[in-house]
Amino acid sequence: MQLDLLSEKPIFQQIAGQIEDAVFTGGLAEGSRAPSTNELAALLGINPHTVLKGMNLLVEEGILEKKRGMGMYVAQGAVEAIRRKRQAQFYRQYVRPLLEEAAKLNMSRADVAALLEKEEKHGSD
Amino acid sequence: MEAIELKNVTKRYGGVTALDGVSLTLEAGKIYGLLGRNGAGKSTLLGVLSNRIFADGGTAFINGNPVGSSAAQDLLFCVGEANYYRPACRVKDLFFWAGKFYAGFDETLAEEIAGKFRLDVNRRFKSLSTGYRSICKLTLALALRIPYLVFDEPVLGLDANSRELFYTLLLGSYAKNGGTVVLATHLIEEVASLLEEVVLIDHGKILLQRSAESLRESGYCVAGPEQEVDRYCAGKHVVGEDRLGGLKLAYCLGGREPVPAGSPLQFSQMSLQKLFVKLTEREAENG
């Protein structure tokens with residue numbers, strides 16, 4: 001796990017993002033125990049309150065669930081929840097920056113579309 | 001109230017004012033960073049809290065008990081630069097006596113921590129290197145359960161491994177036992193992620209006190225052609241400026257205003273250290 005203290009993204013969101021990645025790619029399976037706040041805080045050298053804030057973000061989104069006295073677990077259906085969330089964010093996170101950069105380079109939407117098409121063909125070769 | 005409270009605390013050394021009417025509240029339960037340049041007044045402030053330095057004016061309380069009272073003394077432990085231990089004492093004897101003086105001291109834990117640092121408990125304190133003297137004092141603090149733990153430049157003279165180990169043990173103990181930690185340091189980047197709240201001190205005055213997260217979120221740098229940057233910065237809290245050829249960089253605190261597409265302005269995050277340097281630079285210019 002790697003945190004970027006200079007990123008524009010607050011640290012608690014980065015922590016949430018990294019745990020979410022681990023769930024999405026299957027590193028942390030649904031139903032398995034998530035790392036504890038204290039383990040993460042000590043490992044990453046981050047204030048435990050910051051770590052907890054990040055994990056609570058995932059609880060709110062239904063990706064983690066608290067089990068009384070046992071810590072946090074990856075919720076059933078977490079992977080699907082993440083997929084839906086990321087699909088909803090896809091435009092803002094990937095498409096818009098792509099088009100903004102293209103505009104700076106004086107590339108038209110048609111140029112971008114052509115590149116996407118080319119990539120698709122290339123990928124199917 | 002569970003807090004450290006300073007009201008209008010002043011300390012002068014001859015013509016030098018080390019603390020200039022400092023009022024400050026540190027609520028219990030957080031990790032604080034007391035940040036400031038050399039000579040800013042950090043050590044004097046911690047000295048007043050731990051009753052090693054007597055203020056010329058003002059009051060200081062720990063959980064409502066005046067500093068200097070035995071009730072206040074029992075609540076706070078300070079690791080500073082000065083060595084108050086008998087030089088001929090062996091490390092394990094220091095642990096023994098710490099156990100006698102502090103009810104919350106765990107001798108077994110101290111030996112365990114010493115092992116992790118590879119501190120030989122049979123050595124005499126005076127025979128330890130500078131780094132190991134620091135480690136010895138840190139070990140005493142880490143094995144002590146006390147509501148307020150205060151460190152003055154805790155990692156000076158420590159190698160990278162020992163510094164990392166100290167931060168890990170400190171966070172582990174804080175996560176497990178809670179308590180309040182104050183880290184006074186000028187090594188800002190190293191402790192930035194540990195801190196919940198930042199207190200910035202300069203020329204004996206508190207410049208600001210804010211949550212580390214809000215500082216990190218609100219500090220940013222905007223770069224671009226001078227005119228554009230100036231137009232953007234009008235009415236904003238600008239803490240410093242730099243010039244790189246025709247490019248102007250302004251360091252701002254506060255909310256970021258959206259700029260129209262195609263604007264030549266570039267935004268980037270400002271680290272806590274940069275923010276600190278800019279804020280204290282400006283003070284020096286104004287002073």
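The values are calculated or read from the model by the stated rules, or taken from the named source; none is laboratory data. Keep in mind that what you see is a predicted model, and the values were worked out from it rather than measured. Reconstructed Cβ throughout: ideal geometry from the backbone, glycine too, with neighbour counts over all protein chains shown.
Going by what's in this entry, would B:LEU194 be described as touching a helix residue (DSSP H, G or I) at 6+ places or on another chain (Cβ under 7 Å), within 14 Å of chain A (Cβ to nearest Cβ) and farther than 16 Å from B:LYS42 by Cβ? In short, yes.
B:ALA160 meets the conditions (1) without any contact (Cβ under 8 Å) to a residue 24 or more places away in the chain; (2) within 10 Å of another protein chain (Cβ to nearest Cβ); (3) of a type in the set (Gly, Ala, Ser) in every case but one. The failed one is (2). Taking region B:73-101 as the range and being modelled with pLDDT under 90, among the small types (Gly, Ala, Ser) and surrounded by 13 or more Cβ atoms within 10 Å (Cβ to Cβ) as the test, only B:GLY80 passes.
Sort out which residues of region B:31-57 are part of a strand (DSSP E or B) and within 15 Å of B:ILE206 (Cα to Cα), and write them in order of number. Before the answer, list the steps.
From region B:31-57, those part of a strand (DSSP E or B) are B:31-35, B:57; that's our starting set.
Matches in region B:31-57: B:TYR32, B:GLY33, B:LEU34, B:LEU35.
Among the residues of region B:56-80, those that are free of Cβ contacts under 8 Å to residues at least 24 places away in the same chain and polar (S, T, N, Q) comprise B:ASN65, B:SER69, B:SER70, B:GLN73.
For region B:150-168, state whether one or more residues are over 22 Å from B:VAL198 (Cβ atoms), assigned to a loop (DSSP other than H, G, I, E, B), modelled with pLDDT of 95 or more and in contact with a helix residue (DSSP H, G or I) (Cβ under 6 Å, 6 or more places away or on another chain). The answer is no; no qualifying residue exists. The number of residues in region B:112-163 that are acidic (Asp, Glu) and surrounded by 17 or more Cβ atoms within 10 Å (Cβ to Cβ) comes to 2.
The number of residues in region B:90-131 that are among the hydroxyl-bearing types (Ser, Thr, Tyr), touching a Gly at 6+ places or on another chain (Cβ under 9 Å) and within 20 Å of B:CYS78 (Cβ to Cβ) comes to 1.
Kindly indicate whether any position in region B:208-223 is touching a strand residue (DSSP E or B) at 6+ places or on another chain (Cβ under 7 Å), over 23 Å from B:LEU19 (Cα atoms), of a type in the set (Val, Ile, Thr) and more than 12 Å from chain A (Cβ to nearest Cβ). Yes: one or more hits.
If you check A:GLU119, A:GLU101 for being of a type outside the set (Phe, Trp, Tyr), surrounded by 10 or more Cβ atoms within 10 Å (Cβ to Cβ) and either closer than 30 Å to A:GLU30 by Cα or at pLDDT 90 or above (or both), only one passes: A:GLU101. Kindly list the number of the only condition in (1) surrounded by 12 or more Cβ atoms within 10 Å (Cβ to Cβ); (2) more than 22 Å from B:LYS176 (Cα to Cα); (3) modelled with pLDDT of 90 or more that fails for A:GLN87. Exception for A:GLN87: condition (1).
When only residues in region A:46-73 that are away from chain B (no Cβ under 14 Å) and touching a residue at least 40 places away in the same chain (Cβ under 8 Å) count, which is surrounded by the fewest Cβ atoms within 10 Å (Cβ to Cβ)? Taking the candidates together, the pick is A:TYR73.
Can you tell me which of B:PRO225, B:PRO258 is modelled with pLDDT under 90 and surrounded by fewer than 19 Cβ atoms within 10 Å (Cβ to Cβ)? So that I can check it myself, show each step before the final result.
Details: B:PRO225 fails: modelled with pLDDT under 90.
When all the criteria are applied, what remains is B:PRO258.
Screening region A:35-125 for helices (runs of 4 or more DSSP H) wholly inside it with 1 or more residues that are closer than 30 Å to B:THR168 by Cα returns the ranges A:37-44, A:48-60.
From the list A:GLU8, A:GLU20, which one is at the interface with chain B (Cβ under 9 Å from one of its Cβ atoms), over 19 Å from B:GLU196 (Cβ atoms) and of a type in the set (Asp, Glu)? Talk me through it step by step, then tell me what you get.
Numbers: A:GLU20 fails: at the interface with chain B (Cβ under 9 Å from one of its Cβ atoms).
Within the list A:GLU8, A:GLU20, the selection yields A:GLU8.
The set of residues in region A:34-73 being within 13 Å of the chain's Cα centre (by Cα) and within 30 Å of B:GLU189 (Cα to Cα) consists of A:GLY54, A:MET55, A:LEU57, A:LEU58.
For (1) under 13 Å from the mean Cα position of the chain (by Cα); (2) away from every other protein chain (no Cβ under 13 Å); (3) in contact (Cβ under 8 Å) with a residue 60 or more places away in the chain, each residue gets a yes or a no:
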{"position": "B:ARG124", "(1), (2), (3)": "no, yes, no"}
{"position": "B:SER127", "(1), (2), (3)": "no, yes, no"}
{"position": "B:THR130", "(1), (2), (3)": "no, yes, no"}
{"position": "B:LEU138", "(1), (2), (3)": "no, yes, no"}
{"position": "B:ALA141", "(1), (2), (3)": "no, yes, yes"}
{"position": "B:LEU149", "(1), (2), (3)": "yes, yes, yes"}
{"position": "B:VAL155", "(1), (2), (3)": "yes, no, no"}
{"position": "B:ASN177", "(1), (2), (3)": "no, no, no"}
{"position": "B:ALA184", "(1), (2), (3)": "yes, yes, yes"}
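When you scan region B:192-204, do you find a residue that is touching an Asp or Glu at 6+ places or on another chain (Cβ under 8 Å), of a type outside the set (A, V, I, L, M) and at positive phi, even just one? Looking for residues that are touching an Asp or Glu at 6+ places or on another chain (Cβ under 8 Å), of a type outside the set (A, V, I, L, M) and at positive phi, one finds at least one in region B:192-204, hence yes.
Please go through region B:248-267 and give me each residue that is assigned to a loop (DSSP other than H, G, I, E, B) and within 14 Å of chain A (Cβ to nearest Cβ), ordered by number.
Taking region B:248-267 and keeping what is assigned to a loop (DSSP other than H, G, I, E, B), we get B:254-265.
Those that are assigned to a loop (DSSP other than H, G, I, E, B) and within 14 Å of chain A (Cβ to nearest Cβ): B:GLY255, B:ARG256, B:PRO258, B:VAL259, B:PRO260, B:ALA261, B:GLY262, B:SER263, B:PRO264, B:LEU265.
Considering the conditions (1) under 18 Å from the mean Cα position of the chain (by Cα); (2) surrounded by 13 or more Cβ atoms within 10 Å (Cβ to Cβ), A:GLN76 is excluded by exactly one of them, (2).
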